[in-house]
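Heads up, the thing below is written out as structure tokens.
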Amino acid sequence: VGSNGFPGLVGSFQHDTTSLWQEMGVSFYRHDVVWGEVEASQDVFDFSPTNLPFALNHDSIISTSAANGFKPPLVMLVFTAPWASTGPPAGPNFRAQYQSFYPPQNVADWQDYVDRTVQHFMAPPYNVQYFEVWNEPYAEFWTGTKEQYVDMILIPAAQIVHSYGGKVVAPAWAGASPQEMNDWLNYNNAWQHVDILSVHFNWADRDIFYSDWLATGKLEGLWYTEVSGFVEAGNPYFIADLYPEAMDWFLRHDWSSPDKYKIIYWTDGVTLSTGEFLINQDASQAYLTDQGKAMRTFTDVFSEPLDVYAGSVVAPGVTASYAFKTATKVIVALEGVGAGTVLTVGDLGSQTVVDEVLATDVVSGNATALLFTQTGSQVDVQVPAGDAYRYVSVGISVTGGLPTAPTDLTVSGPN
């Protein structure tokens, strides 16, 4: 589980959000090292800039987060430095100007920025391995053509990343169909320079992405580098709706290594505006929003090594249900409980003894014991009305080992 943004001193009030990230169980982040920030004038590099609007001290952010136990980030190689751009002159805040979204005048300048950035952040204490090339080139962040993006941006950057032993993540796709994305990746065999396919918000197209790129062996992973409640602003159940479904889908599609699939939330936030952010702050403190609390609950409930539960699960009247197994429990994520239901979990094994059944509120994380009846290898659970009851954990014990214990999973929880 990851997020856009970063743990540390952020936002206008400069509160330290490190402990909130740790509380949420978010261990990975997506971080943009903008060309025009680290090379504000040609051939003058500074990875700890402090004299530009919105500039970030990248060295401090990445090294401090590593010291606090976070994984090295996905570093974004993005946007044309104003001095190198073919676009019209920009104002003092280059991030607000389209000049940074034009192709560079000279590819060699882009290559120099990529080379210096990749070499710098792959070395200790940063140890970055993954680099995403640009952001949403089909959308407003790129004014050039498909051919210019592939020939001037993607392939030159990918060749440099690979020369240092790093991995290329691209194309941070949003705003058009999978078929259109395939057209971009097939042009000049661009896909041959990519390791991980990155997309934004296009969860409905996951089967197409898998069949076109992962099942064929062309690419080794699928990362959703931006997903959020942005399309459902203020819905505190967005994470509870999407994340269990995504975890179920990943497990059913050969989740054979921890880095094959990732979901990176947009964004940690730290503003006072909308309800989709994970963190908010005011003059006195930074704090978790309902989305942030839901993230905390998700990573807490699904913290153990797990796999899909293949036994019978029936929950009449609910919108959807996804069942998982660990060594000691079956966890069922229920979506749209509504008026309540009787959850039936079968095929637990002849020696299984159900110790307790807990329902966890997805926002607060509070757990409530539920009434249940066990008959042999089946348990019937009375799930009360209300959308708050989403994660139902059936705690079980058995003499001689659990028949449904995971045997082939290599991924420890959702992190």
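The values are calculated or read from the model by the stated rules, or taken from the named source; none is laboratory data. Small disclaimer: the values here were computed from a predicted structure and weren't measured. Virtual Cβ from ideal backbone geometry, glycine too; neighbours counted across all protein chains shown.
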Looking at Val78, Val10, can you tell me which residue is of a type in the set (A, V, I, L, M, F, W, C) and closer than 17 Å to Val161 by Cβ? Val78
Where the second residue is of a type in the set (A, V, I, L, M) and part of a loop (DSSP other than H, G, I, E, B) and the first is over 21 Å from Glu226 (Cβ atoms) and modelled with pLDDT of 80 or more and lies in the stretch 267-289, which pairs have Cβ atoms under 9 Å and are six or more apart or on separate chains? Gln281/Val270; Gln281/Leu272; Asp282/Leu272; Ala286/Val270
Helices (runs of 4 or more DSSP H) wholly in the stretch 174-261 with at least 2 residues that are touching a strand residue (DSSP E or B) at 6+ places or on another chain (Cβ under 6 Å), surrounded by 19 or more Cβ atoms within 10 Å (Cβ to Cβ) and in contact (Cβ under 8 Å) with a residue 40 or more places away in the chain - which ones? 238-251
List every residue pair whose Cβ atoms sit under 8 Å apart, with the two residues 6 or more apart in sequence or on different chains, where the first one lies in the stretch 55-79 and is assigned to a strand (DSSP E or B) and the second, anywhere, is of a type in the set (S, T, N, Q). Leu74/Thr225; Val75/Thr117; Met76/Asn135; Leu77/Thr117; Val78/Asn135
Of all residues making up the stretch 1-27, the number that are buried (at least 20 other Cβ atoms within 10 Å of the Cβ), assigned to a strand (DSSP E or B) and at pLDDT 90 or above: 3
Within the stretch 25-40, tally of residues that are out of contact with any Asp or Glu (no Cβ under 9 Å at 6 or more places or on another chain) and more than 23 Å from Val133 (Cβ to Cβ): 1
Consider the stretch 28-54. How many of its residues are touching a residue at least 12 places away in the same chain (Cβ under 8 Å), surrounded by fewer than 22 Cβ atoms within 10 Å (Cβ to Cβ) and within 17 Å of Ala123 (Cα to Cα)? 4
